[in-house]
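The structure under discussion appears below in the form of structure tokens.
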Amino acid sequence: MQNLKIKQAIFKAGKGMWNMVPMLIGIVFLIGLANSLIPKSAYSKVFTGSIFDPLIGSILGSILAGSPITSYIIGGEFLAQGVSLIAITAFIVAWVTVGVITLPAEIMMLGKRFSIARNAISFVFAIIVAIITVGVLNLL
Amino acid sequence: MIKLKEVRKSWYFTIVVAIIYLIVWVIDSGKALESLQATLNIFIKILPIFVFVFLLLTFTNYFITPKKLAGWLNKKHGWLIAIITGIISTGPIYMWYPMLQDLQKQGVRNGLIATFLYNRAIKPAHLPLIILYFGLAFTIVLTIVMAILSVVQGWLVEKIVK
């Protein structure tokens, strides 16, 4: 019984990881491509270095989907490219808390009012979380 | 010959990326090689974490089941339980929708469900990767801020949905 439970836990973990693999491979290859093809200055065109950067990060994070791990990798690459930490934080928080792609499924299961309210608040909160997190970090 | 129908949809994106690589290779093989090298470096960087994530997922799968979660949420200190269970729950978010729908029908507050969903953003198994990219201090502060604001979010959702 115990062995079966362990096997099931391993299988579920393996399945979860395996489901993530195709998207992760594609994303990493795409980042590798972007690293050598897109000049660093191109990112600064999306992230302008202005007060709108967290908003841009939150919008990007809301639209893009996939494993949170992917968002950390992209966020890490953004950081290396010189994008502000507030914008990146908003990006990774929105990635995991706002689900534009999964919204229809969420509406179907949990209701329209609940799903729209939750996602809209999560979108705004991504920016707030980013500002507070970086603000606290600056104080430390 | 493999038919397109047999290829899992999740691989479509990777196939498109492979085609882009082929095009780049034809145009400038040097740039394609440079891209492959950059990709390899990223894979080397994330591989140990991938193994670690697998081990942690196995660990959490062993101890937490959706049935257990339903029982915990209906008890006292629902907010705290929503935060903790949200953090330790695993798998894609849509896997939890049917169970959350059941909880909604059983009278579990919408705010608790929203808090649970928000805390799914904090995954212990992912923390090493965040630390690797953004540092320990950032990871700790972000985790705490998100956990606190998840309650505010839950409260707000509850007020709006009422």
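The values are calculated or read from the model by the stated rules, or taken from the named source; none is laboratory data. Please read all numbers here as calculations on a predicted model, not as lab measurements. Note that we place each Cβ from the backbone using ideal geometry, even for glycine, and neighbour counts take in every protein chain shown.
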Write out, first by first residue and then by second, each pair whose Cβ atoms fall under 6 Å of each other, whose residues are 6+ apart or on separate chains, and whose first residue, in the range A:121-140, is facing another protein chain (nearest Cβ under 9 Å) while the second is buried (at least 18 other Cβ atoms within 10 Å of the Cβ) and in a loop (DSSP other than H, G, I, E, B).
-> A:S122/A:V98
Before we move on, is B:V24 modelled with pLDDT of 85 or more, at the interface with chain A (Cβ under 8 Å from one of its Cβ atoms), in a helix (DSSP H, G or I) and in contact with a helix residue (DSSP H, G or I) (Cβ under 7 Å, 6 or more places away or on another chain)?
-> yes
For helices (runs of 4 or more DSSP H) lying entirely in the range A:82-140, having 3 or more residues that are modelled with pLDDT of 90 or more and not β-branched (V, I, T) picks out A:85-97, A:112-139
The range B:116-138 - residue that is closer than 21 Å to A:G75 by Cα and in contact with a Gly (Cβ under 6 Å, 6 or more places away or on another chain) and, of those, farthest from the other protein chains (Cβ to nearest Cβ) = B:N119
Could you tell me whether A:G76 is outside any helix (DSSP H, G or I), facing chain B (nearest Cβ under 10 Å) and at pLDDT below 90?
-> no
Within the range B:87-103, how many residues are assigned to a loop (DSSP other than H, G, I, E, B), at pLDDT below 70 and either of a type in the set (G, A, S) or in contact with a Ser or Thr (Cβ under 8 Å, 6 or more places away or on another chain) (or both)?
-> 2
Can you pull out the residues in the range A:80-105 that are facing chain B (nearest Cβ under 7 Å), surrounded by fewer than 22 Cβ atoms within 10 Å (Cβ to Cβ) and either in contact (Cβ under 8 Å) with a residue 12 or more places away in the chain or within 16 Å of B:Q153 (Cα to Cα) (or both)?
-> A:G99, A:T102
The residue from B:V53, B:V141 that alone is at pLDDT below 75 and at the interface with chain A (Cβ under 10 Å from one of its Cβ atoms) is B:V53
Within the range A:53-86, residues under 27 Å from A:V21 (Cβ atoms) and acidic (D, E) come out as A:E77
